[in-house]
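Visitor: Below is one structure. I have some questions about it.
The values are calculated or read from the model by the stated rules, or taken from the named source; none is laboratory data. This structure is a prediction, so every number in the text was calculated from the model and none was measured. Glycine gets a Cβ as well: all are built from the backbone with ideal geometry, and neighbour counts include every protein chain shown.
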Amino acid sequence: MQSLYVIDVQIRDIMEDIFRIAEEREGEIPEEMNALLTALKMEKVKKIGNIARYIKNLEAEGEMVKTEAKRLTERASSISKKHDGLKAFLSMYLNGEKFKDESISISWRASQSVEIIDYGKIPAAFMKEVITVTPDKVEIKKALNSGVLVNGAEIKYNNNIQIK
């Protein structure tokens with residue numbers, strides 16, 4: 001099937017031939033040229049219709065993909081909530097106990113995080129400015145671990161579950 005551009009060029013060329021021949025023959029146009037012109041115009045209409053239908057199909061497909069993406073995002077969120085809930089449940093149930101069988105190993109990894117007890121008592125040296133002023137937990141943790149007392153903060157020890 002030819003492109004719209006090619007069809008338009010062919011129609012233009014035939015029209016030029018028809019006008020030239022019509023002048024030479026005093027208005028008489030050969031039937032085969034008229035038939036060819038009609039066939040090209042029909043091909044052009046068919047081509048335009050097909051392109052328009054394809055556009056409608058793409059619109060519909062795009063909407064279906066958006067709907068499916070929304071559904072999958074909601075599903076991923078639901079799965080993530082289940083994951084977090086079950087992990088918290090297992091952490092609470094095992095309470096630091098190790099577990100191992102033929103296909104799974106549960107262990108615990110100690111970690112530290114800074115818990116800000118009173119934002120107002122944190123010294124300015126341990127504050128960092130983003131959009132609002134907030135304690136710099138990384139610097140506070142370094143100071144607390146090196147023995148410096150930081151008013152309003154303390155080290156909190158955590159036990160994090162690891163599933164391999």
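Visitor: Give the stretch 134-164 a look and list any residue that's under 10 Å from Val114 (Cα atoms) and in a loop (DSSP other than H, G, I, E, B), or say none.
Guide: Asp136
Visitor: Mind listing whichever residues of the stretch 15-44 are surrounded by 10 or more Cβ atoms within 10 Å (Cβ to Cβ) and either without any contact (Cβ under 8 Å) to a residue 12 or more places away in the chain or in contact with a His (Cβ under 6 Å, 6 or more places away or on another chain) (or both)?
Guide: Quick first cut of the stretch 15-44, residues surrounded by 10 or more Cβ atoms within 10 Å (Cβ to Cβ) only: 15-22, 25, 29-30, 33-44.
Those that are surrounded by 10 or more Cβ atoms within 10 Å (Cβ to Cβ) and either without any contact (Cβ under 8 Å) to a residue 12 or more places away in the chain or in contact with a His (Cβ under 6 Å, 6 or more places away or on another chain) (or both): Glu16, Phe19, Arg20, Ala22, Arg25, Ile29, Pro30, Ala35, Thr38, Ala39, Met42.
Visitor: In the stretch 126-162, how many residues are within 30 Å of Phe99 (Cα to Cα) and either surrounded by 11 or more Cβ atoms within 10 Å (Cβ to Cβ) or of a type in the set (Gly, Ala, Ser) (or both)? Before you say what the answer is, go through the steps one by one.
Guide: Keep residues of the stretch 126-162 that are within 30 Å of Phe99 (Cα to Cα), which gives 155-162.
This time we only want the ones that are either surrounded by 11 or more Cβ atoms within 10 Å (Cβ to Cβ) or of a type in the set (Gly, Ala, Ser) (or both), so: 155-156, 158-161.
Residues that pass the stated criteria total 6.
Visitor: Given (1) polar (S, T, N, Q); (2) surrounded by 10 or more Cβ atoms within 10 Å (Cβ to Cβ); (3) modelled with pLDDT under 95, where does Ser78 come up short, assuming only one miss?
Guide: (3)
Visitor: Among the listed residues Ile122, Ile106, Ile116, identify the single one that is assigned by TED's automatic domain parsing to the domain that holds Ile155, farther than 30 Å from Ala153 by Cα and touching a strand residue (DSSP E or B) at 6+ places or on another chain (Cβ under 6 Å).
Guide: Numbers: Ile122 fails: farther than 30 Å from Ala153 by Cα; Ile116 fails: farther than 30 Å from Ala153 by Cα.
Exactly one of Ile122, Ile106, Ile116 is assigned by TED's automatic domain parsing to the domain that holds Ile155, farther than 30 Å from Ala153 by Cα and touching a strand residue (DSSP E or B) at 6+ places or on another chain (Cβ under 6 Å), namely Ile106.
Visitor: What are the pairs with Cβ atoms under 6 angstrom where one residue, in the stretch 88-106, is in contact (Cβ under 8 Å) with a residue 60 or more places away in the chain and the other, located anywhere, is surrounded by 10 or more Cβ atoms within 10 Å (Cβ to Cβ)? Sequence gap at least six, or different chains.
Guide: Ser91/Ile161; Gly96/Trp108; Gly96/Asn159
Visitor: Right, here's the next one. Consider Tyr54 carefully, then state whether it is farther than 30 Å from Ile106 by Cα, without any contact (Cβ under 8 Å) to a residue 24 or more places away in the chain and over 17 Å from the mean Cα position of the chain (by Cα). Give the derivation first.
Guide: Working: farther than 30 Å from Ile106 by Cα: yes; without any contact (Cβ under 8 Å) to a residue 24 or more places away in the chain: yes; over 17 Å from the mean Cα position of the chain (by Cα): yes.
The answer is yes for Tyr54.
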